[in-house]
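One structure below.
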Amino acid sequence: MADRVAEEVRGVLWDIDDTLFDYSGAERAGILEYLAALGLLDAFTSAEEAHASWNADMEAAYERFLAGELGFQEQRRVRVEAFLGRIGRAAADPDVWFAGYLDAFTRHRRVFDDVIPALDALSGYRHGLLSNSSSRYQEDKLAAIGLRGRFVSLVCSGEIGHAKPAPEAFLAGCAALGLPPGQVVYVGDKLTTDAHGALAAGLRAVWLDRRGVGEGVDVPRVRTLADLPELLRVIDFGAPPPIR
Ligand SMILES: [Mg+2]
């Protein structure tokens, strides 16, 4: 990475899923509720196995979406077919099956409790969003959970053709925010995709390690967004930029 002069942080670029929005919680509650309603939960050895399978099939299909191999709706179909195939079933219409899951997921979606207080405490910064997803999907979700008005910009990989950790994704997020990368800190829950990717693109980065698994990692880290305002004060005025 090129040397750079320390600049004041003026903007925060945010990841959405599992950073602001409790995606994992809604996914788990949603799939278990949906399988129970369909009478399919007993086809798995445990609820944990059912959820782990659904999550694994999501990750596999989503990787192909991020690589540009599948469209956003297509990866949902692939996910349904892989998951039901595990128990020797098939959906008559995978889109309809997924829509049923999405209804259950939607009933369980929520913003993490530390989000609004952190945004209030950081009201002096400009805030934008950068997500490996589809803009239409994220726009709808953010509006429904009451967060969209808090951010001046939303950039999604599905529309720009670059997914995190590619530098192009972070640079597009900064451009939409209207700030140079050196004045932006990225906050996300994935160490490699979010924090390392942002640093490589010339942004600052804070890793949101909600599960507390990253002791000793060489990236600024918070366990909760309640600690973010203080950390940003340190990054701003105390420590040199976290170049790695
Ligand atoms: Mg995330």
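The values are calculated or read from the model by the stated rules, or taken from the named source; none is laboratory data. The shown structure was predicted, so the numbers you read here are calculated from the model rather than taken from an experiment. Cβ sites come from the backbone with ideal geometry, for glycine too, and all protein chains shown count toward neighbours. Calculation scope for accessible area: heavy atoms of the full protein, side chains included, ligands and nucleic acids excluded. Shrake-Rupley method; radii C 1.70, N 1.55, O 1.52, S 1.80 Å.
For the range 46-92, the list of trypsin sites (Lys or Arg not before Pro) that fall in a loop by DSSP and count at most 14 other C-beta atoms within 10 angstrom reads 89. Only protein atoms count toward the accessible area here, which uses a 1.4 Å probe; on the range 66-133, the carbon and sulfur part of that area reaches 49 percent. The equivalent ellipsoid of the range 23-106 has semi-axes of 19, 13, 13 Å, largest first, where each one is the square root of 5 times an eigenvalue of the Cα gyration tensor.
Each other residue within a Cβ distance under 12 Å of residue 58 adds +1 if Lys or Arg and -1 if Asp or Glu, for a net charge of -1. All other residues whose Cβ lies under 10 angstrom from that of residue 177 are scored, Lys and Arg at +1 and Asp and Glu at -1, for a net of +2. When DSSP beta bridges are restricted to pairs lying wholly in the chain, around 5% turn out antiparallel. The phi-based Karplus calculation (6.51 cos²θ - 1.76 cosθ + 1.60; θ = phi - 60°) puts the 3J(HN,Hα) values of the range 25-36 at x, 5, 5, 5, 5, x, 5, 5, 5, 5, 5, 4 Hz, whole numbers, x for Gly and Pro. Amide H contacts under 5 Å for residue 186: 13, 204, 205, 206, restricted to partners 5 or more places along the chain or on a different chain, H placed in the peptide plane at 1.01 Å from N. Using the alpha-carbon positions of the chain, Rg (one decimal) and Dmax (whole number) come out as 18.9, 60 Å. In percent, rounded to a whole number, the relative contact order of the range 132-244 is 17, using alpha-carbon pairs under 8 Å and six or more apart. Placing a label point 7 Å from the Cα of residue 40 along the Cα-to-Cβ direction, the residues of the range 53-76 whose backbone N falls under 18 Å from that point are 53-62, 73-76. Rounded to whole numbers, the Karplus 3J(HN,Hα) couplings from phi for the range 50-66 are 4, 5, 4, 5, 4, 5, 5, 5, 4, 4, 5, 5, 5, 4, 6, 5, 5 Hz, using 6.51 cos²θ - 1.76 cosθ + 1.60 with θ = phi - 60°, and x at Gly and Pro.
Solvent-accessible surface of the chain, averaged per residue with a 1.4 angstrom probe and all protein chains in place: 45 square angstrom. Residue-wise HN-Hα couplings along the range 127-139, as the Karplus relation 6.51 cos²θ - 1.76 cosθ + 1.60 with θ = phi - 60° gives them from phi, are 10, x, 10, 9, 9, 7, 6, 9, 4, 4, 4, 5, 4 Hz; Gly and Pro carry x. A convex hull fitted around the alpha carbon atoms of the range 104-244 yields 114 Å³ per residue. Using a Gaussian network model of the chain with C-alpha springs under 10 Å, which one of 118, 99, 26 is most mobile by mean-square fluctuation? Residue with maximal mean-square fluctuation among 118, 99, 26: 99. Computed per residue of the chain from DSSP H runs no shorter than four, each worth -39500 (n - 2.57), the mean residue ellipticity at 222 nm is -13500 deg cm²/dmol.
Note on residue 153: accessible area is roughly 10 Å² with a 1.4 Å probe, heavy atoms of protein only.
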